[in-house]
1. Restricting attention to the range B:1-25, report how many residues are facing chain A (nearest Cβ under 8 Å), farther than 16 Å from A:Ala38 by Cα and outside any helix (DSSP H, G or I).
2. Could you run through the range A:43-80 and say how many residues are among the β-branched types (Val, Ile, Thr) and more than 16 Å from B:Val44 (Cα to Cα)?
3. Can you tell me which residue is farthest from the chain's Cα centre (by Cα) among those in the range A:1-47 that are under 27 Å from B:Leu62 (Cα atoms) and of a type in the set (Phe, Trp, Tyr)?
4. Looking at A:Pro29, A:Pro61, which one is over 28 Å from B:Leu56 (Cα atoms) and out of contact with any strand residue (DSSP E or B) (no Cβ under 7 Å at 6 or more places or on another chain)?
5. Among the listed residues A:Ile43, A:Ile47, A:Ile7, which satisfies the condition of being more than 9 Å from chain B (Cβ to nearest Cβ), among the aliphatic types (A, V, I, L, M), closer than 23 Å to B:Ala55 by Cα and touching a helix residue (DSSP H, G or I) at 6+ places or on another chain (Cβ under 9 Å)?
6. Could you check, for the range A:71-83, whether at least one of its residues is surrounded by 18 or more Cβ atoms within 10 Å (Cβ to Cβ) and farther than 18 Å from A:Ser33 by Cβ?
7. So A:Val16 fits all but one of (1) of a type in the set (A, V, I, L, M, F, W, C); (2) modelled with pLDDT of 90 or more; (3) touching a helix residue (DSSP H, G or I) at 6+ places or on another chain (Cβ under 7 Å); what number is the exception?
8. If A:Val71 meets every condition in (1) at the interface with chain B (Cβ under 9 Å from one of its Cβ atoms); (2) within 30 Å of B:Leu3 (Cβ to Cβ); (3) aliphatic (A, V, I, L, M) apart from one, which number is that one?
Amino acid sequence: MIVDWIIRFFLFSGMVFFLTTAIALIRFPDFYSRMHAASKCLIGGGISILIALIIQEGPSPLSFRLLLLIVFLLITNPVVGHALSRASYHYGHVIKMTRDDLHERVFDND
Amino acid sequence: MNLEFVIIFVLFCSMISFYRLIKGPHPLDRIAAVSAIGIMLLIVLVLLGAHFNRALFIDVALVYGVLLFIDVLVMAKYFGTPGRHEEEES
């Protein structure tokens with residue numbers, strides 16, 4: 001009974017995270033804000049739905065594979081976000097910041 | 001809340017973020033949208049595996065995640081180079 005409500009809570013949380021990601025991808029004005037939404041909310045929604053499926057499945061080899069998928073998403077998605085933001089900075093999207101240590105390493109390389 | 005509703009809702013969210021893939025002002029915007037849609041479809045694949053009671057779909061989702069990771073990294077490395085200057089850095 002209480003396990004059923006926990007599963008419903010995690011599924012609903014994942015759906016809210018995914019809807020937040022989709023709205024933020026079409027509404028945010030800047031590339032870095034879009035990348036911020038697409039790297040954190042997305043992984044939150046995925047991990048919430050996978051946790052719901054693990055609780056529904058119980059301890060089994062299938063549940064272990066879902067846990068492996070969670071660890072894989074936690075490792076790879078920050079790497080993808082960092083690579084895309086670094087590529088955008090090297091491409092020339094520079095926003096106004098108070099302190100910018102990468103600027104003199106990338107652009108003032110004379 | 002059954003699993004079919006969750007599958008249809010996640011597909012709807014991926015259709016909403018397909019807008020950024022069509023109308024991205026920069027190629028890196030399109031790459032970010034492709035990464036988001038790919039992870040949403042990976043979750044849809046896992047949910048379909050839970051709905052049809054097929055354990056094979058989880059393995060397909062793992063391999064799909066690995067291919068998506070390598071794909072996005074190669075595209076970011078390829079499209080991120082034009083801002084770099086022409087001289088060779090060590």
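1. Looking only at that region, the number is 1.
2. Within the range A:43-80, the subset among the β-branched types (Val, Ile, Thr) is A:43, A:47, A:49, A:51, A:54-55, A:70-71, A:75-76, A:79-80.
Pick out the ones that are also more than 16 Å from B:Val44 (Cα to Cα) and you get A:55, A:71, A:75-76, A:79-80.
Qualifying residue count for the region: 6.
3. Only one residue tops the list, namely A:Phe9.
4. On the way: A:Pro61 fails: over 28 Å from B:Leu56 (Cα atoms).
That would be A:Pro29, the only listed residue that is over 28 Å from B:Leu56 (Cα atoms) and out of contact with any strand residue (DSSP E or B) (no Cβ under 7 Å at 6 or more places or on another chain).
5. None of the other options fit; the residue is A:Ile47.
6. Within the range A:71-83, the first condition is being surrounded by 18 or more Cβ atoms within 10 Å (Cβ to Cβ), and the residues that meet it are A:73, A:76-77, A:80-81, A:83.
Filter again for farther than 18 Å from A:Ser33 by Cβ, leaving A:73, A:76.
Yes - at least one qualifying residue is present in the range A:71-83.
7. (3)
8. Condition not satisfied by A:Val71: (1).
The values are calculated or read from the model by the stated rules, or taken from the named source; none is laboratory data. Because the structure is a prediction, the values reported are computed rather than measured. Because the Cβ atoms are built from the backbone with ideal geometry, glycine has one as well, and the counts that use them run over all protein chains shown.
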